[in-house]
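Engineer: Sharing a structure, written as structure tokens. Questions coming.
The values are calculated or read from the model by the stated rules, or taken from the named source; none is laboratory data. Remember, it's a predicted structure, so these values are computed and weren't measured experimentally. We place every Cβ from the backbone using ideal geometry, glycine too, and count neighbours over all the protein chains shown. Surface areas here come from the heavy atoms of the whole protein model, side chains and all, with no ligands, DNA or RNA. Shrake-Rupley method; radii C 1.70, N 1.55, O 1.52, S 1.80 Å.
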Amino acid sequence: MIGDGSLERFRREGRIVVVGASLAGLRAAETLRDKGFAGSLTMIGDEPHEPYDRPPLSKQVLLGKAAAERTALPRLRSVDATWRLGVPAAGLDMAARRVRLADGDEVPYDRLLIATGVRAHPWPREAEAQLDGVFVLRTRDDSAALARRLEAGPKRVLVIGAGFTGSEIASACRERGLAVTVAERGAAPLVGALGGVVGAVAAEMQREHGVDLRCGVMVTALEGDASGRVRAAQLSDGSTVETDVVIVSLGATRNTEWLAGSGLGAGPRGIACDAGCRAFDIRGIVTDDIYAAGDVARCPHPLFGYQFLSLEHWGNAVSQARIAAHNMISESTDRIPHMEVPAFWSSQFGVNIKSVGVPSLGTEILISQGSLKDHRFLGVYGYQGRVIGAVAFDHARWLPFYQELIETTAPFPPSFPTVDRRSDGQRPIDADFPDPSVPTHGPTVTLGGYSPADRRMTFTPAH
């Protein structure tokens, strides 16, 4: 496009389609208009709602402090778009440059941004997932329905999974005065994101606030009563939890199924793209008219060994969307890479948790400020002799300093003293992340019998 006027014509008359009408999609649309794109803009979303903010859904909405329908994202400017809401994308024809919708309609594009995000993992047994009282939490409608049920005062809530969302839900339930059991297959809450050292602190917080926390177990079955309402859960240690509300918080699935067969490099781990958000096709060749941003994108980050990272972070979605939008309407020489340092926050059990970098890549942790015992500290993560992440429990004012250490690949452990470093923070210790090569859960399955007719499978739940 350089020098032949085609880019200017595209900026003036082109067609851009954004699939995914949530945070990343909206911020990308605003950036396109900010930067002078005057062509047609179409926003496609599978939900009937205009873009809304998700962090309040597991916090203020569940606490009854905000209504789910009042979580709309603020508009930073008019985007003058055609909105196709409530109709999911069903297919992509890369050669014809068309997005096919579930209602059979097709939307042509000159450039496409995919920001379809993720959805909550459902309970794997469909009949049990359909029991009244079994919830997931991802959308505004999920949150509204769950808030109504919590308001009704269930006798006990069971949360399956103690990641950030599951822990925030448990915190909200306790703040409402509800009895809560949390079942976590790992050794502690948050262990996959922050490691066992910090996970032990999270476990203490939950138990001190009255959560019946059970780690190292899985829920093997949900049981309903004659009216189809959930009444109990069976755990892999043989115990039973009587409950009338179950919240399945087992992580997320990236919304890429609609791209199957399109030729785009998309799958369960997201849409592979370069640092400028341009998507790869299945041959590994970067496209020039399809971009990805937000939770569904998976791109290399130079600060972290060029590993392809998929980040389900609010700030990442905003930053990546703006960069994708800029690059979509720029000359190749003016494109910029997405290099923002990941950041994340959570609020649970009265503690503000914030992190920068990628703590889960770390092998060691140094408590550089405060104390684990007090649940108020700052932990620095190290990997191969450099600072790679940091997490703060009620200590966030220092995080920008540690972010700079990450950006400048400062050596680990940090050599400087800190005024509030305790004796147990003098040396790094193993961060105690689960070994990804070793299964931490799952049943034992054995086969018996000699002839094919006698073959039997024995299922032994994990403990």
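Engineer: Label THR253 and ASP334 with points 7 Å out from Cα along Cα→Cβ: what is the distance between them in nm?
Structural biologist: Each label point is offset 7 Å from its Cα along the Cβ direction, giving 4.1 nm.
Engineer: List every residue whose amide H lies under 5 Å from the amide H of MET218, counting only residues 5 or more places away in sequence or on a different chain, with H placed 1.01 Å from N in the peptide plane.
Structural biologist: SER236, ASP237
Engineer: Just order 199-207, 130-138 by mean Cβ neighbour count inside 10 Å, highest at the front, would you? Walk me through the numbers on the way to the answer.
Structural biologist: Values: 199-207: 21.3, 130-138: 19.2.
Going from most to least packed, we get 199-207, 130-138.
Engineer: Oh, and also: First compute the accessible area of the range 11-83 with a 1.4 Å probe, then give the percent of it belonging to carbon and sulfur atoms.
Structural biologist: Summing carbon and sulfur atoms, their accessible area is 45 percent of the total for the range 11-83.
Engineer: Could you tell me how many degrees, from 0 to 90 and to the nearest 10, lie between the Cα long axis of helix 164-175 and the main elongation axis, the longest principal axis, of the Cα atoms of the chain?
Structural biologist: Around 60 degrees separate the two axes.
Engineer: Sort 300-309, 262-271, 143-152 by packing, meaning the average of other beta carbons within 10 Å per residue, with the highest value first.
Structural biologist: On the way: 300-309: 15.0, 262-271: 19.5, 143-152: 17.0.
Descending mean neighbour count gives 262-271, 143-152, 300-309.
Engineer: Another one. Sorted by accessible area with a 1.4 angstrom probe, largest first, how do TRP258, TRP345 fall? Show your work: numbers first, answer last.
Structural biologist: Numbers: TRP258 30, TRP345 110 Å².
So, going from the largest accessible area down, we get TRP345, TRP258.
Engineer: Which ³J(HN,Hα) values, rounded to whole Hz and listed in residue order, are derived for the range 223-229 from phi using the Karplus coefficients 6.51, -1.76 and 1.60 in 6.51 cos²θ - 1.76 cosθ + 1.60 with θ = phi - 60°, glycine and proline given as x?
Structural biologist: So the Karplus estimates, Gly and Pro as x, are 10, x, 8, 5, 8, x, 9 Hz.
Engineer: Now for a different question. Largest first, what is the accessible-area ranking of MET328, MET218 with a 1.4 Å probe? Mind dumping the intermediate values first?
Structural biologist: Working: MET328 0, MET218 45 Å².
Accessible-area ranking of MET328, MET218, largest first: MET218, MET328.
Engineer: Compute the length gained on full extension between ALA67 and ILE429: take 0.36 nm times their separation in residues and subtract their Cα-Cα distance, giving the result in nm to one decimal.
Structural biologist: My answer for the length gained is 126.0 nm.
Engineer: Okay, next question. In terms of solvent-accessible area of protein heavy atoms at a 1.4 angstrom probe, what is the ranking of ASP225, ASP274, highest value first?
Structural biologist: Values: ASP225 65, ASP274 30 Å².
Ranking ASP225, ASP274 by accessible area, largest first, yields ASP225, ASP274.
Engineer: For the range 158-298, with all protein chains present and a 1.4 Å probe, just round the carbon and sulfur fraction of the accessible area to a whole percent.
Structural biologist: Working: 2340 of 4760 Å².
Whole-percent figure for carbon plus sulfur exposure: 49.
Engineer: Go from 0 up to the bin containing the longest alpha carbon distance in the range 93-236, width 10 Å each, and give me the % of pairs per bin.
Structural biologist: 10, 33, 29, 13, 12, 3
Engineer: Let me ask another. Please give every one of the aspartates and glutamates within straight-line cross-link reach of LYS373, meaning a C-alpha to C-alpha distance under 12 Å, and leave out same-chain neighbours fewer than 8 residues apart.
Structural biologist: GLU204, ASP424
Engineer: Hey, another quick one. Through the Karplus equation 6.51 cos²θ - 1.76 cosθ + 1.60, θ set to phi - 60°, convert the phi angles of the range 294-300 into ³J(HN,Hα) values in whole Hz; use x for Gly and Pro.
Structural biologist: x, 4, 7, 7, 9, 9, x
Engineer: Using a 10 Å cut-off on Cβ atoms, rank the peptides 7-17, 64-74 from the highest mean neighbour count down. Numbers along the way, then the final one.
Structural biologist: Numbers: 7-17: 16.8, 64-74: 14.1.
Going by the mean number of other Cβ atoms within 10 Å, highest first, we get 7-17, 64-74.
Engineer: Add +1 for every Lys or Arg and -1 for every Asp or Glu among the other residues with Cβ under 13 Å from the Cβ of GLY265, and state the total. Working shown, then result.
Structural biologist: On the way: positive: ARG254, ARG269, ARG278, ARG283, ARG298; negative: ASP274, ASP281.
Once positives and negatives cancel, what remains is +3.
Engineer: When the expected Rg is taken as 2.2 N^0.38 Å, what fraction or multiple of it is the alpha-carbon Rg of the range 16-174? If you can, show how the numbers build up before the last one.
Structural biologist: Values: Rg = 18.2 Å, N = 159, 2.2 N^0.38 = 15.1 Å.
It is 1.20.
Engineer: Also: Give the long-range amide H neighbours of LEU309: residues separated by 5 or more places, or on another chain, with amide H under 5 Å away, using H modelled in the peptide plane at 1.01 Å from N.
Structural biologist: Answer set, sorted by chain and number: CYS299, HIS301.
Engineer: Still on this structure: 222 nm [θ] for the chain, helices only, -39500 (n - 2.57) per DSSP H run of 4+, per residue, to 500?
Structural biologist: -6000 deg cm²/dmol
Engineer: Another one. Show which lysines lie in cross-link reach of LYS155 when reach means a straight Cα distance below 28 angstrom and same-chain residues fewer than eight apart are skipped.
Structural biologist: Partners within reach: LYS59, LYS65.
Engineer: Return one number: the angle in degrees, 0 to 90 and rounded to the nearest 10, between the long axis of the Cα atoms of helix 23-34 and the longest principal axis of the Cα atoms of the chain.
Structural biologist: 20
Engineer: Follow-up. Which value, in nm² and rounded to one decimal, describes the direction-averaged projected area of the C-alpha convex hull of the chain?
Structural biologist: Details: hull surface 104.9 nm².
Averaged projected hull area, Cα only: 26.2 nm².
Engineer: So, one more: If you count only protein heavy atoms with a 1.4 Å probe, what accessible area per residue comes out for the chain, rounded to a whole Å²? Kindly include the intermediate steps, with their values, before the conclusion.
Structural biologist: Numbers: 20830 Å² over 463 residues.
On a per-residue basis, 45 Å².
Engineer: From the square roots a ≥ b ≥ c of the eigenvalues of the alpha-carbon gyration tensor of the range 1-95, which class results: rounded (a/c under 1.5), prolate (a/b over b/c), or oblate? Before the final figure, lay out the partial values.
Structural biologist: Details: a/c = 3.31, a/b = 2.01, b/c = 1.64.
Prolate is the answer for the range 1-95, as a/c is 1.5 or above and a/b outweighs b/c.
Engineer: With charges only on Cβ, +1 for K and R and -1 for D and E, what is the dipole size of the chain about its Cα centre, in debye, rounded to 20? Could the numbers behind the result be given before it?
Structural biologist: On the way: 50 positive and 54 negative charges, 77 e Å.
The calculation lands at about 360 debye.
Engineer: Starting at the first residue of the range 183-197, write each ³J(HN,Hα) from the Karplus equation 6.51 cos²θ - 1.76 cosθ + 1.60 with θ = phi - 60°, in whole Hz, x for Gly and Pro.
Structural biologist: Values, residue by residue: 10, 10, 6, x, 6, 6, x, 6, 5, x, 8, 10, x, x, 4 Hz.
Engineer: ALA252's amide H: which non-local residues (gap 5+, or another chain) put their own amide H closer than 5 Å, with H modeled 1.01 Å from N in plane and none for Pro or chain starts?
Structural biologist: It is HIS121, by chain and number.
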